[in-house]
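Structure first, then comments.
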Amino acid sequence: MHPSKLKSIYLSLLLAFICLLLPWSGFSLKLRPDFLLLVIIFWLIRAPNLCNVGTAWFAGLCTDLATGGIFGQFALAYTITAFFAVMYQRRLVLYNGTQQLFYVLLLLLISQVTLLILKVFGGAQFLGWTYFLPSITGVLLWKIAVMFGLNTGGRVRGA
Amino acid sequence: MARGFNHKLEQQQAPAFFARGPSAFARLVFFSALSLALIATDSRLQYLNSLRQNLVAILHPLQVVANAPSQLYSATGEYFSTHHRLLNENQQLKQQALKNDIALQRLSTLALENDHLRQLLQANKALVESSVLGEIMHVGRDPFTKKVIVNRGESHQIVAGEAVVDATGVIGQVTRTYPLSSEVTLITDKSLAIPIQVERNGLRAIAFGHGRDNTLDLPYLPANVDIRRGDTLVTSGIDGIYPAGLAVATVSKIEITPDSPFARIICVPTGGVENHRQVLLVSIPHIDLPASSAATPSTHKVKINPTKKPPQQTPEKSQSAPMSNPHAPE
């Protein structure tokens, strides 16, 4: 279809995955945004015909492998998030910057809550509200990327 | 006219903008079902272990690439470290080596004496553990568990169940091995239990990881138990995993409430769970055991069971049912 675009999608996903693999520790681990999910949300908005729920599922599986948890947890969380992103993709493109930011925050929270539910069913403890920090830092990262000229399909940038 | 136009449109292929394949909901249902099936398979059955090992081996080059920047940073930091600091460190290390040498001399005489006494009593010889030096590659990425990844794996004869120790104490246990790395669950993880002994009075108990903070709990001990603040807890060595006498934690807080028959005891691990990079993976040899106890057939069963079983069972057991051992074995 668009070989160059498809290539750039997979390259950006690979880069995001390497960011995930960086040796984070201590407090930075608590703050670490979900790079892979952010890149997927970006491509879901920009090119839903190339990057869809299946891509998100596969990326989730890679994250599962990297975190060493049970297979399928991140995959399910990413799948559900991707579904909500694709559902409202046509509207999302028309949102302005701030609206889009809120929606991205909502998507990141959906993924975290799904993961939390799965983990708690698996016998883990709730870690306190700092667990949701990566969503906040993720949105900040999104904002910074937009400020540096990343076109997320927002209307303000086009005008 | 209009009909003919529509007909014409249908003939053409839909433009890429409209080509969306199956609906989003269909995809959601399909991939969610797939994920749920994976979760069920991975948590209840053992089919995916070898697959995971292979995939992690494939992932290893990426991991090396990701670790490269921080390693380069520390390497350049070392390169630019001052002459003065190196001299200082050298002097400190020399002093420490001297102290250790003296301690070792005493230890060797003690070991000889111990061997001799054991021979006199015709008791079995104490096991000699073998160990491998490893380096922590990175901290586990799952915020719900306390794990580290060490750069020694199956290719270095690491087996799941080995104890992991640093210079100051026990830090955890190998729970999963990959070809080139292995996953170590720290003693502060909620699913890990470690049999301990109070150094002062020899009281045995089991310490459980707290999970959230970097502390350990000593549950199910009566309110009048003889444990004080500052007591050192060492491994008891009755589990067949951890060598006896290694420091585990120090008691930091004891809470006794009138409404509970049990004391709430919180301990801080002595090992630098978050600080050190180098760790020692210690394995207690179980191959020698049957051979040595085969010589005394009458004690065969009694000797093998308690020592040989735990290395294979405890990691699984402690993960699936951490509270299955409600009281300390005596």
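Read-outs: derived from the displayed coordinates by stated rules, not from any lab. Note that the structure is predicted; figures quoted are calculated from it, not measured. For neighbour counting, all protein chains shown are included, and Cβ atoms are generated from backbone atoms with ideal geometry for every residue, glycine included.
For segment A:20-53, which positions are touching a residue at least 12 places away in the same chain (Cβ under 8 Å), within 8 Å of chain B (Cβ to nearest Cβ) and either of a type in the set (Ser, Thr, Tyr) or not in a loop (DSSP other than H, G, I, E, B) (or both)?
Correct list: A:LEU20, A:LEU21, A:LYS30, A:VAL53.
Return the total of residues in segment B:245-267 being of a type outside the set (Ser, Thr, Tyr) and surrounded by 16 or more Cβ atoms within 10 Å (Cβ to Cβ).
10
Could you list, in sequence order, all residues of segment B:264-281 that are over 16 Å from B:ARG200 (Cβ atoms) and aliphatic (A, V, I, L, M)?
Within segment B:264-281, B:ILE266, B:VAL268, B:VAL273, B:VAL279, B:LEU280, B:LEU281 meet the criteria.
Only one residue in A:LEU127, A:LEU101, A:LEU133, A:LEU105 is surrounded by 15 or more Cβ atoms within 10 Å (Cβ to Cβ) and in a loop (DSSP other than H, G, I, E, B), so which one is that?
A:LEU127
Quick test of your reading of the structure: A:ALA56 fulfils all but one of (1) more than 9 Å from chain B (Cβ to nearest Cβ); (2) in a helix (DSSP H, G or I); (3) buried (at least 19 other Cβ atoms within 10 Å of the Cβ). Name the failing condition by number.
Condition not satisfied by A:ALA56: (1).
I'm trying to understand the selection: among the residues of segment B:163-205, which are part of a loop (DSSP other than H, G, I, E, B) and touching a helix residue (DSSP H, G or I) at 6+ places or on another chain (Cβ under 8 Å)?
B:TYR178, B:PRO179, B:LEU180, B:SER181, B:SER191, B:LEU192
Give me the pairs, please: first residue somewhere in segment B:130-157 and in contact (Cβ under 8 Å) with a residue 40 or more places away in the chain, second residue anywhere and basic (Lys, Arg) and outside any loop (DSSP other than H, G, I, E, B), beta-carbon distance under 7 Å, and either six or more positions apart or on two chains.
Listed by first residue and then by second, the contacts come to B:GLY140/B:LYS147.
I'm told A:LYS30 meets every condition in (1) crowded, with 21+ Cβ neighbours inside 10 Å; (2) in contact with a Ser or Thr (Cβ under 9 Å, 6 or more places away or on another chain) except one. Can you identify the failing condition by its number?
Failed condition: (1).
Of (1) farther than 30 Å from B:GLY211 by Cα; (2) within 14 Å of chain A (Cβ to nearest Cβ), B:ILE136 satisfies all except one. Which?
That leaves (1) as the condition not met.
Could you go through segment A:87-105 and let me know if any residue there is over 13 Å from B:LEU36 (Cα atoms) and within 8 Å of chain B (Cβ to nearest Cβ).
The answer is yes; a qualifying residue exists.
Residues being within 21 Å of the chain's Cα centre (by Cα) and more than 9 Å from chain A (Cβ to nearest Cβ): count how many of those fall in segment B:55-69.
Total meeting the criteria: 2.
Please determine whether any residue of segment B:151-170 is over 12 Å from the mean Cα position of the chain (by Cα), within 14 Å of another protein chain (Cβ to nearest Cβ) and within 26 Å of A:ARG32 (Cα to Cα).
yes
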